[in-house]
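The values are calculated or read from the model by the stated rules, or taken from the named source; none is laboratory data. Note that the structure is a prediction, hence the values are computed from the model and not measured. No Cβ is skipped: glycine too gets one built from the backbone with ideal geometry, and neighbour counts run over all protein chains shown.
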Amino acid sequence: MTFSSRPLSTLAAIAPLAFAIVVLGLVSSGCEDKHIGRVCDLDTATMATSMSGTNATFNGQAVECPTRICILPSMEGGATTTTSLCTAGCSSDDDCSDGETTSDPNGKQCKKGFACLIASTVGPFCCEHVCVCKDFVDTTQPGYNKTPDSCIAGHSMCKNAQ
């Protein structure tokens with residue numbers, strides 16, 4: 001038996017590299033980008049699609065948000081230029097870690113990152129955990145991310161009560 005001393009064909013030489021690129025593409029596309037933090041329109045003129053709650057104003061049909069949820073939280077964290085932003089449901093702060101932010105102090109996007117909080121105790125988004133921009137939240141207060149008593153099952157009429 002004899003073996004050829006010819007070099008591998010070009011196709012065989014690049015096959016491992018091509019395979020690695022395909023695998024990397026599949027792995028990186030596995031997570032949906034919810035565009036948490038994208039500036040959005042509340043469209044509060046349409047009260048059927050938006051709801052003013054105890055703590056936040058929502059638009060549940062914001063077409064510029066992949067989740068269709070736009071939020072303007074109540075102001076608890078001091079003055080900010082941040083405006084209404086796209087949000088998404090969450091179960092921990094890690095779910096909000098890829099939110100879009102800016103370092104521009106006069107920008108309309110979030111500057112301090114996002115936390116997973118209950119933003120409202122009334123309306124269609126009552127007692128739902130969503131990603132909330134920390135520009136609106138005083139995170140120095142103990143229990144800032146605690147579930148409100150009105151969202152505990154048995155104490156609430158909210159359909160999302162825990």
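For first residues located in segment 96-125 and closer than 20 Å to Phe58 by Cβ, partners that are surrounded by 18 or more Cβ atoms within 10 Å (Cβ to Cβ) and acidic (Asp, Glu) and lie 6+ apart or on another chain with Cβ distances below 7 Å form the pairs Cys110/Asp135; Cys116/Asp95; Ile118/Glu128. Looking at Thr101, Thr81, Thr121, can you tell me which residue is closer than 17 Å to Val137 by Cβ and touching a Phe, Trp or Tyr at 6+ places or on another chain (Cβ under 9 Å)? Testing whether each residue is closer than 17 Å to Val137 by Cβ and touching a Phe, Trp or Tyr at 6+ places or on another chain (Cβ under 9 Å) leaves just Thr101.
Every listed requirement among (1) surrounded by 10 or more Cβ atoms within 10 Å (Cβ to Cβ); (2) at pLDDT 55 or above; (3) closer than 24 Å to Tyr144 by Cβ is met by Gln61 save one, (3).
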